[in-house]
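> If you scroll down you'll find the structure; I have some questions about it.
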Amino acid sequence: MVSTLMNALADAPQLVVLTGLLMVAAWIDIRHHKVPNLLVLVGLGFVIAFHGLQPAVAHGNGWLAAASGCLVGFLSLFPLYLIRATGAGDVKLMAMVGAFVGPLGAFCSALLTFAAGGVLAIGVLLWKRRLRRALYNVYHLTMVNALSAPAGHMDFTISGSDSTGKLPYALAIAAGTLTYLAANAAGLIR
């Protein structure tokens, strides 16, 4: 599947740019716990210009595919931002990914990103030896919301300290998106 991805990248220069941007975003997020706006703007600027110059190569509709993909990418992570489960930079990065891969690609990338984020969170919990605290937090949230939901009140706050700390979610976005690109190139996802 890796060789299939490499062939796809050779045939699609925009995917090479996307891969590079994701690697840089993941590296910066690991080191500084943020995704720079400038990186997202550079990616969006590139993909808008690319779709304008190569509309037939880029999903057939050019800017329409980029705009709708951007919207799907944004909306996929925005609810997590509202409950403070992810940062604004991650939402913007996923929107940029959507502009590169189109609406279906953004949806698939987001689903694979959620899976990669879960694996990342479990890995961090095991590394930091905080699995017990995380399980308590899940239990607490479940019980509080099960009891208060009939009254129309939902509470997603976690008592005490959080379990994992800050996760470099750009790493999960990169892993999910690259998995989507590889699966797409192999013909597993269209």
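The values are calculated or read from the model by the stated rules, or taken from the named source; none is laboratory data. Keep in mind the model is a prediction, meaning the values are calculated, not measured. Because the Cβ atoms are built from the backbone with ideal geometry, glycine has one as well, and the counts that use them run over all protein chains shown.
> Would you mind stating whether residue 113 is of a type in the set (Ser, Thr, Tyr), out of contact with any Phe, Trp or Tyr (no Cβ under 6 Å at 6 or more places or on another chain) and closer than 30 Å to residue 135 by Cβ?
Judged against the criteria, residue 113 is a match.
A quick yes/no check of all residues on (1) in a loop (DSSP other than H, G, I, E, B); (2) out of contact with any helix residue (DSSP H, G or I) (no Cβ under 6 Å at 6 or more places or on another chain); (3) at pLDDT 80 or above:
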{"site": "106", "(1), (2), (3)": "no, no, yes"}
{"site": "110", "(1), (2), (3)": "no, no, yes"}
{"site": "125", "(1), (2), (3)": "no, no, yes"}
{"site": "133", "(1), (2), (3)": "no, yes, yes"}
{"site": "136", "(1), (2), (3)": "no, yes, yes"}
{"site": "147", "(1), (2), (3)": "no, yes, no"}
{"site": "161", "(1), (2), (3)": "yes, yes, no"}
{"site": "171", "(1), (2), (3)": "no, no, yes"}
{"site": "174", "(1), (2), (3)": "no, no, yes"}
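> Also, quick follow-up: Mind checking which residues of region 87-103 are without any contact (Cβ under 8 Å) to a residue 40 or more places away in the chain and surrounded by fewer than 22 Cβ atoms within 10 Å (Cβ to Cβ)?
Scanning region 87-103 gives 88, 103.
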